[in-house]
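Accompanying notes for the structure given below.
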Amino acid sequence: MNKLYKLTLLLLISICAFSLTTSELHGDQIEKLTGWNFAKLARGGILYDNWVSELGVEIKKTHPSYPAEGKKKGAATWRCKECHGWDYKGEAGAYRKGSHHTGIVGIRAYANQDPDIIIKILLNKTHAYKNIVPEEELEAITFFVSYGQVDMDLYIDRSTNKSIGDNSNGGRIYLATCVKCHGADGKEINFKSADKPVYIGTASNKNPWETLHKIRWGHPGSQMISLLFLNLKEQLDVLSFCQSLPEK
Ligand code: HEC
Ligand code: HEC
């Protein structure tokens, strides 16, 4: 082998290795997080959804950075998801219109970023979490922002709301886990009211981004389990199965 050839080969190998590590960083990172670091990540996902209810905090006032033209008020406006969305894309995602619209950016740019940088954002004046959310809980949220979020547009079709998952494999998982609380048809728990029922079938078709978040992280302030120990493919399978359940 001549020198130039060897050098090119080496360069190619390192480019391949680099692109592999960046494209698979998400999955790799989660697998690398073991023990308490994994627990911290799992907690972060729950807190992103609703740290107020998970921590049992009482807040009456509206978040100072919640825009005046927004439609929500009080405790709800302190939830990360209220400003940044279930798809983590804020203005560029599902919250670009409707009753949750705020015009605020998403958090996608901070995926795979250093948690130490993210915590500075959460402690800044805009966020105003200092002395309100305990720092160790904020640290858990930074793990979620860095290692836990995914680009949902790769897996959920924006025009049909459908997950790309495999329904039948999802059924195997659902019928061995979720079934205990939600029932085989998903109608055991009604999330809304008797006259306007919302079941898993209803919720997962209307807001698949929220359901995927709940499948991965669980539901704050409840006994609901998290499927974070499964891979993303299997979590999407469960979402597909949920979307096949009755909506009424
Ligand atoms: C009341 C609305 C609101 C809430 C609640 C909120 N944020 Fe933000 N967030 C903002 C605004 C506004 C920005 C834009 C830039 C700035 O001024 O910091 C932002 C920016 C960010 C960014 C940087 C995004 C970028 O690309 O620059 C991250 C990361 C972030 N927020 C994470 C969170 C997390 C995690 C939570 C929950 C613990 C949260 N935010 C709760 C309003 C909010
Ligand atoms: C141990 C019981 C339990 C298990 C197991 C469980 N859940 Fe839940 N789930 C709950 C409870 C309790 C709530 C909150 C109900 C409420 O707010 O009315 C909930 C809420 C939800 C929500 C939120 C709906 C909304 O709009 O707020 C979704 C979606 C959901 N579960 C899906 C699932 C899926 C999918 C599985 C299986 C991976 C699962 N759950 C497993 C108990 C459970």
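Readers should treat all values here as calculations from the given coordinates under stated rules, not as data from a laboratory. Everything numeric here is computed off the predicted structure, so don't read it as measured data. Note: ideal-geometry Cβ built from the backbone for every residue, glycine included; neighbour counts use all protein chains shown.
Computed values, structure above
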quantity: Cα centre as origin, Lys/Arg/Asp/Glu Cβ charges: the range 96-248 dipole, Debye; calculated: 540
quantity: Highest-fluctuation residue, Thr142, Thr177, Thr34 considered, GNM on the chain with Cα pairs under 10 Å; calculated: Thr34
quantity: Largest-first principal axis extents of the Cα set of the range 34-149 (Å); calculated: 42, 30, 22
quantity: Size descriptor, Kirkwood hydrodynamic radius, that averages inverse alpha-carbon separations across the range 95-248, Å; calculated: 17.0
quantity: Ordering of 164-171, 200-207, 83-90 by burial proxy (mean other Cβ atoms within 10 Å per residue, highest first); calculated: 83-90, 200-207, 164-171
quantity: Once exposed loop GluC sites (Glu not before Pro) are cut out (DSSP; at most 12 other Cβ, 10 Å), longest piece of the chain; calculated: 70-248
quantity: For the chain, with +1 on Lys and Arg beta carbons and -1 on Asp and Glu, the positive-most of Gly35, Ala76, His182 along the dipole; calculated: Ala76
quantity: Where chymotrypsin sites (Phe, Trp or Tyr not before Pro) fall in DSSP loop in the range 216-248, at most 15 other Cβ within 10 Å; calculated: Phe229
quantity: Value of Rg to Rh for the range 154-243 (Rh from inverse mean 1/r over Cα pairs, i.e. Kirkwood); calculated: 0.94
quantity: Inter-label distance for Thr126 and Asn161, nm, one decimal - labels placed 7 Å from Cα along Cα-to-Cβ; calculated: 3.0
quantity: Net charge of neighbours whose Cβ lies under 9 Å from the Cβ of Leu47, counting Lys and Arg as +1 and Asp and Glu as -1; calculated: -2
quantity: Positive dipole terminus of the chain, leading residue within Thr126, Ile200, Leu212 (C-beta point charges); calculated: Thr126
quantity: Candidate aspartates and glutamates - alpha carbon under 16 Å from Lys233, same-chain residues fewer than 8 apart omitted; calculated: Glu24, Asp28, Glu31, Asp151, Asp153, Asp157, Asp166
quantity: Helix 3-23 vs. the chain, principal-axis angle (Cα, 0 to 90°, nearest 10); calculated: 10
quantity: Size of charge dipole - the range 34-149 - debye, nearest 20, with Cβ of Lys, Arg +1 and Asp, Glu -1, no other charges; calculated: 500
quantity: Residue pairs, from the table Lys97/Lys130; Lys73/Lys192; Lys81/Lys214, whose Cα atoms sit over 18 Å apart; calculated: Lys97/Lys130; Lys73/Lys192
